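Notes follow the structure.
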Amino acid sequence: MESLSDVLEKYKNRYSHLPDDVRYIPEDGLCLTCGRLINGHDGVEKVLSARGIRYWDEEKQERVTVGAIPICRCGAHAAAGAARHLDNANLPTTVQGPTPRSTLPASLENFDMREGNEAAHEMALDYSVGNTPPILMLCGGRGTGKTHLLEALGRSYLGQETSVRYELVPALLSRIRAGYSSVAAEDGEFMMQRCHMAQLLILDDLGAEKPSEWVREKLFELIDERYSHNRLLLVATNCSYDEMNESLGERIASRMFDDTTGKVARVIMTSSDYRRSNG
């Protein structure tokens, strides 16, 4: 058995070749969150040497690693979390990519600015930094860029670590209705709760659904909860006040077209249909 003095001598020799600036554990290369090593960082080798985890063995003439290397996983967890939040957001992909079957993430920078949608773009910029009321409704016909702005704002808020949920209203209502059946993959109440839990809820094509009392009640539940508690809500619709009042009822229409409380911002988009003008 080795004596204590022999062990200490080996320990001393292990560090004797190190420069003075790395004999103590340096901060460079360490994650400030977990204190572990940042994989690929230039300072990692210095930290490993300073901690005695990796050293030069004179007898073997090679670098030796002792024990497990404590690698930071915060970045991996953050990336996985970001991917999970993006998946949960259910955002559409509205921008054509460089090839016929590819798409690009919509942003406020790659929005197709045309006459009639400039005010909406300006309002979206303000909404992205919190300079508008919590509810923003984009009104306009098909192909004016409403869904592009919804997607772009959803991605912007995801980048600010805000949970987002996008729903195409007719499809959402169909899934909720089906969710109340015993064979549905998802429970109807779970889908409602998922919308409630998102910090930013995005409802696209409000007013395109077939109206019924059940539809009015479900949509009122979602909209009124946001309206009453000043929570973030983005809406796109083709409806005027009269059309929404007729199809969804006065309770929803009065909230979405509220001009007095400062809770709702509304902008009308009158540009031509880009799907036709570009095609």
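How far apart, in nm, are the 7 Å Cα→Cβ label points at THR65 and ASN238?
6.0
So how do THR65, THR260, THR162 line up by other beta-carbon neighbours within 10 Å, fewest first? Display every interim value, and only then the final one.
On the way: THR65 10, THR260 6, THR162 15.
Going from least to most buried by this count: THR260, THR65, THR162.
Testing the spin-label approximation: label points 7 Å from Cα along Cα→Cβ at ALA171 and ASP187. State their distance in nm.
The answer from the label model is 2.4 nm.
Sorting HIS148, HIS121, HIS229, HIS85 on the 10 Å Cβ count, fewest up front, what's the list? Mind dumping the intermediate values first?
Working: HIS148 25, HIS121 20, HIS229 8, HIS85 14.
The order, fewest Cβ neighbours first, is HIS229, HIS85, HIS121, HIS148.
Using the count of nearby Cβ atoms within 10 Å as a rough guide to exposure, how do LYS46, LYS263, LYS218, LYS146 rank from fewest to most?
Working: LYS46 18, LYS263 15, LYS218 21, LYS146 26.
Ordered by Cβ neighbours within 10 Å, fewest first: LYS263, LYS46, LYS218, LYS146.
In the range 63-134, which trypsin sites (Lys or Arg not before Pro) fall in coil by DSSP and have 16 or fewer other Cβ atoms within 10 Å?
On the way: sites: ARG63, ARG73, ARG84, ARG101, ARG114; in loops: ARG73, ARG101, ARG114.
Passing sites in the range 63-134 are ARG73, ARG101, ARG114.
Throughout, read-outs are computed from the coordinates displayed, never taken from laboratory work. Keep in mind the model is a prediction, meaning the values are calculated, not measured. In this analysis, Cβ positions are derived from the backbone assuming ideal geometry, glycine residues included, and neighbour counts consider all displayed protein chains.
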